[in-house]
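Report on the following structure.
Derivation of every value follows stated rules applied to the coordinates shown; laboratory data play no part. From a predicted model like this one, the values you see are computed outputs, not experimental measurements. Cβ placement follows ideal geometry from the backbone for every residue including glycine, while neighbour counts extend to all protein chains displayed.
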Amino acid sequence: MKKKTKNTVGKVVLYSMLILLSFCFLLPLIWMIRSAFMDAAQIFIVPPVWLPDPIKPQNFSKAIRTVPFDKYFLNTLLIVVFNVTGTVLTSSICAYSFARLRFPGRKLFFGLLMSGMMLPYTVTLIPTFLLWRSLVGANSYLPLIIPAWFGGGAFNIFLQRQFMMTIPFTLDEAALIDGASYPRILASVILPLSRSSAIVVGLFQFMAVWNDYLGPLIYVNKESRFTLALGLQQFIGYYTAQWELLMAAATLILIPPIIIFLMGQKYFIQGIVLSGLKE
């Protein structure tokens, strides 16, 4: 009886902490959404007002008309489609070579690849910018797309590799006996079984590219080529800011990632769990 009571108390404490932490994470989102339906004066009232009065849904239509929202959306979508496609495809190929093939120096090369994750992005920012500027010039999306087609990032390779290690090697052996080549095994056996990890990588990359601010800020300075993240900056001037329109636009930008995540949530959880298994 005491043990059962102790377990119940432990669960109550655990769930209470989880609810509190969830609220802390959701608070900025709640603040953004409520601000999107307010006027500028009501947003900063002290003490804060949590329910808009009056509700102003016209903030959304006004925000879309204030900046070329459709143009920014298409620019972002163009980068996202090519970047995510390249990341999922090339990271799968690299992960397959590290997980399923046996070649000299495999563990050494994989270790070097993982060590690259310890190098901050900002360390190589300036030389990378100078390199791309000399190759493609300014106002090009190529620096935001081409790197995704050369491995897709160390973390994505690691995630896919860990998942592929859980697939029985007997499938490869059976395919080799039947005369299948390694590319055929990858395309017909490994990739269909690795759908969950590929979706996880796609979701991670979609979130990263969709919300990327630093990359477009560095390589794009022409307003007609701005992405959604850069477009939000248009609501902030030197002396004033249209906070209600900024919050409305940010809320609209948040909708596609939420929809994509809800669609792939099942595979996302499965891919994360299985990718953490040991060899």
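Some observations on this one:
- Point-charge dipole on Cβ atoms (K/R +1, D/E -1) for the chain, about Cα centre, debye to 20: 840
- The Cβ shell under 13 Å around LEU193 holds other residues with a net charge of +1, Lys and Arg each +1, Asp and Glu each -1.
- Residue of PHE204, PHE110, PHE169 that the Gaussian network model of the chain assigns the largest fluctuation, springs spanning Cα pairs under 10 Å: PHE169
- Protection proxy ranking of 146-157, 28-39 - average other beta-carbon atoms within 10 Å, highest first: 146-157, 28-39
- Taking amide H atoms as placed 1.01 Å from N in the peptide plane, the amide H of ASP212 has no partner under 5 Å among residues 5 or more positions away or on other chains.
- If you take the alpha carbon atoms of segment 13-64 and fit the smallest convex hull around them, that volume is 93 Å³ per residue.
- By the Kirkwood approach, averaging reciprocal distances over each pair of separate Cα atoms, segment 66-275 gets a hydrodynamic radius of 19.1 Å.
- Normalised contact order of segment 66-275, rounded percent, pairs of Cα under 8 Å and 6 or more residues apart: 34
- Both radii were evaluated on the Cα set of segment 3-137; the Rg over Rh quotient, with Rh as the Kirkwood radius, amounts to 1.15.
- Whole-Hz couplings from phi, Karplus 6.51/-1.76/1.60, listed for segment 212-227; x for Gly and Pro: 5, 10, 5, x, x, 4, 7, 9, 10, 10, 9, 4, 5, 10, 5, 9
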